[in-house]
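What follows is a set of notes on a single structure, which appears directly below.
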Protein chains: 2
Amino acid sequence: MQIAIVLYDRFTALDAVGPYETLGRLPGAETVFVAERSGPLRADTGALALTADRTLSEVPGPDIVVVPGGPGQSALMEDAAFLDWLRTADATSTWTTSVCTGSLLLAAAGLLRGRRATSHWLALDQLGRFGAEPTGERVVTDGKYVTAAGVSSGIDMGLTLLGAIAGDDHARTVQLAVEYDPQPPYDAGSPEKAPAHLVDLLRSRSRFILT
Amino acid sequence: MQIAIVLYDRFTALDAVGPYETLGRLPGAETVFVAERSGPLRADTGALALTADRTLSEVPGPDIVVVPGGPGQSALMEDAAFLDWLRTADATSTWTTSVCTGSLLLAAAGLLRGRRATSHWLALDQLGRFGAEPTGERVVTDGKYVTAAGVSSGIDMGLTLLGAIAGDDHARTVQLAVEYDPQPPYDAGSPEKAPAHLVDLLRSRSRFILT
């Protein structure tokens, strides 16, 4: 079992590391970080780089594909070679997954047409324009396609998929090992819960957050 | 304002990336990943490397120090040069913080003596042996020392500290931007909540998890 987590310039680090730290603890699985070129890839803030150990062409047939989001996805949406890799990988994958605006990349490759899917709350409208059926849920499974909402939701997705593949007890063991008993100091994690002026603030900046 | 996040061989990636993705969004702050040598450092699974852009000696006086945990901390606890750096950085820091077993490093440097602090639930006893007063809370603030429980708790710590420094509304905005509205698919994230046989399983493996 091979899990490929895709990196690219200006990805969002937690989008990738959430699934890595949970789903990556699947017994017997190899997790590999992949990108168009191997070596360090800078995350969106510029302050952090993660290493891609293999190029996309070296990993043509992963069992699980994980596509994180981030401002850099807008350039990748027009990258024919990347979208081709995604379609080819998807043709033989057991699960094709995304976190945050990573679902826009799956959608741009034509993989989410007519499927229920989610994305960062600021990107749900755009997801719909690619023929997906956007929902506001945190983790959405439609067939073998599992999409998660913004950034931190990749942890919930990772545990969900781990449970589906390795069983509930293994997923619970990983949850306990990473002590995932969240206690956010505020209750502003979704547009339904956050104060309206903060939702408006982020909407006004969405061009900078998403591209 | 400078935030230094420490890396070392066999750290736990989410310990570092949780605070990076939240606290790192402090307005006007520079976040820098530091290690004894600059370049890529492998996380505990071996499947992921994060880049340290600067050496410890290049960053002698950060305003905020963040020390993640991971199996590699046991070697660092006996590394006099690292503990010296930590004590020197702490002498001028505004906040000295840790995630998971990172608190064992703060404690080994003598910084938590007589202070309330936390760690990964499997490491609380060891933390007490260094003269700290361990608590089972998820995020513990004692003066300028902020310690967080296992792995994923660094997200809660990052938002807590962000609120203390930049105000509640900024912390809420970051929470909304990273869509931190956790919905774990299981309720096994602490030893109080997880099934007893899984707690016992991890206790029996704690030697491999912690060192």
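Bear in mind these aren't lab numbers, they're just calculated from the coordinates by the rules spelled out. On a predicted model such as this, the values are computed, not experimentally measured, just so you know. Heads up, the Cβs are rebuilt from the backbone with ideal geometry, glycines too, and the neighbour counts pull from every protein chain shown.
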(request) Just rank A:GLU78, B:GLU36, A:GLU58, fewest to most, by other beta-carbon atoms within 10 angstrom. (result) A:GLU78, A:GLU58, B:GLU36
(request) Just add up the charged neighbours of B:LEU112: K/R +1, D/E -1, any other residue whose Cβ is under 15 Å from the Cβ of B:LEU112. (result) +1
(request) Run through the other copies and list how far each one's label point is from that of A:GLU78, in nm with one decimal, shortest first; the point sits 7 Å from Cα along Cα-Cβ. (result) 5.6
(request) Mind running the shape call on region B:109-197? Use the C-alpha gyration tensor, a ≥ b ≥ c as the square roots of the eigenvalues: rounded below 1.5 for a/c, prolate if a/b tops b/c, oblate otherwise. (result) oblate
(message) Which of the three applies to region A:9-87, rounded, prolate or oblate, going by the alpha-carbon gyration tensor with a ≥ b ≥ c and a/c under 1.5 meaning rounded?
(response) oblate
(request) Please identify every one of the trypsin sites (Lys or Arg not before Pro) in region B:1-62 that sits in a loop by DSSP and has no more than 15 other beta carbons within 10 Å of its own beta carbon. (result) B:ARG37
(request) Evaluate chain A: find the radius of gyration of its Cα atoms, find its Kirkwood radius, and give the ratio Rg to Rh. (result) 0.94
(message) Placing the label point 7 Å from Cα along the Cα-to-Cβ direction, what are the distances from B:MET1 to the equivalent spots in the other copies, shortest first, in nm to one decimal?
(response) 4.2
(request) Could you please report the charge total around B:THR31, scoring K, R as +1 and D, E as -1 over all other residues with beta-carbon less than 14 angstrom from its beta-carbon? (result) -2
(message) Check which residues have an amide H placed less than 5 Å from B:THR101's amide H, if you skip close sequence neighbours.
(response) B:GLY69, B:GLY70, B:HIS120, B:VAL151
(request) Could you pull the copy-to-copy label distances for B:LYS193, with points set 7 Å along Cα to Cβ, in nm to one decimal and sorted shortest first? (result) 1.2
(message) Need one number: nm distance between label points at B:ALA164 and B:GLU78, each 7 Å from Cα along Cα→Cβ, rounded to one decimal.
(response) 3.3 nm
(message) For a quick check: with amide H placed at 1.01 Å from N, whose amide H comes under 5 Å from A:GLY136's, ignoring anything fewer than 5 positions away on the same chain?
(response) none
(message) Around A:ALA13, under 9 Å between beta carbons, what's the net of Lys plus Arg minus Asp minus Glu among the other residues?
(response) -3
(request) Please report, to one decimal in angstroms, the Kirkwood hydrodynamic radius of the protein assembly as shown built from all distinct Cα-Cα pairs. (result) 21.1 Å
(request) Kindly write out, for region B:132-141 in residue order, the coupling ³J(HN,Hα) from the Karplus curve 6.51 cos²θ - 1.76 cosθ + 1.60 (θ = phi - 60°), rounded to whole Hz, with x marking Gly and Pro. (result) 7, 10, x, 10, x, 5, 7, 9, 10, 10
